[in-house]
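Just so you know, all these numbers are worked out from the coordinates, no wet-lab data involved. Keep in mind that what you see is a predicted model, and the values were worked out from it rather than measured. Note that we place each Cβ from the backbone using ideal geometry, even for glycine, and neighbour counts take in every protein chain shown.
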Amino acid sequence: AQTVTQSQPEMSVQEAETVTLSCTYDTSESDYYLFWYKQPPSRQMILVIRQEAYKQQNATENRFSVNFQKAAKSFSLKISDSQLGDAAMYFCAYRSRGSQGNLIFGKGTKLSVKP
Amino acid sequence: GAVVSQHPSWVICKSGTSVKIECRSLDFQATTMFWYRQFPKQSLMLMATSNEGSKATYEQGVEKDKFLINHASLTLSTLTVTSAHPEDSSFYICSAREGSVNNNEQFFGPGTRLTVL
């Protein structure tokens, strides 16, 4: 069975600075998807970024980028120029390509942004 | 992007009663819907996966007779918590996916907070 581990329960960053959230996963599959979701206090899950395992190029979405290390099974999220609105819970998630689409989530990292 | 709604957003009920939560895809047809449960300060745990017109697939440890899931149309799935007890109090989130297996986009509803007294 696949597992997702986020080893940082809480992180803090100064506004305008850069922060990296860690995520590792365990799988025997070679083709899968990885995601980062943001859950603000409203509890609405928002997709931040996704990566397809067969793509070597790291995904980027504006201030958000990932460092995908397939061999190491690592999938970290870098947030550049942090903004107050980035404060939220961040969940790393895994999905098998051949499955129905159910996501396996890590336990989350609570990110605080200091003004 | 696609929108998924949930109703109600919060509900308080007495122990022993049943509660129904609706999940709707507003601008797309959801071939598959997922129901998650989230306890305070914890992650989302998948409860079940439902495909339109067929029986839901429940995760290990989830009582299918207690958490009834119906996905009767391509835009609506319902979760009914039967004979609710205080330990069922939680935040319930649905998500919906359109299209084929290779379409990996899931859209989440805003969640429903259930409190059982």
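Once C-alpha pairs closer than 8 Å and six or more residues apart are averaged by separation and normalised to the residue number of region B:8-117, the relative contact order reads 37 percent.
The Cys residues in chain B with no partner Cys Cβ within less than 4.7 Å of their Cβ are B:C13. Please report the spacing between the Cα centers of region A:31-108 and region B:1-68 in Å, no decimals. One Cα centre to the other: 23 Å. Here the label points at A:S112 and B:D27, each 7 Å from Cα along the C-beta direction, are separated by 3.7 nm in the simple model.
Across all directions, the average projected area of the convex hull around the alpha carbons of chain A is 6.8 nm². Computed from the C-beta positions of A:N67 and A:S28, the FRET efficiency with R₀ = 22 Å rounds to 0.50.
Full extension of the chain between B:L68 and B:S54 gives 3.8 nm of extra length, using 0.36 nm per residue less the Cα-Cα distance. Checking the table B:K14/B:K55; A:K110/B:K14; A:K110/B:K64; A:K38/B:K14; B:K14/B:K41; B:K20/B:K41 against a 30 Å threshold on Cα-Cα, which pairs fail? Over 30 Å Cα-Cα: A:K110/B:K14; A:K110/B:K64; A:K38/B:K14. With R₀ fixed at 41 Å, the C-beta to C-beta distance from A:Q14 to B:H7 puts the FRET efficiency at about 0.55. Considering all different alpha carbon pairs of the protein assembly as shown, the Kirkwood hydrodynamic radius works out to 18.3 Å.
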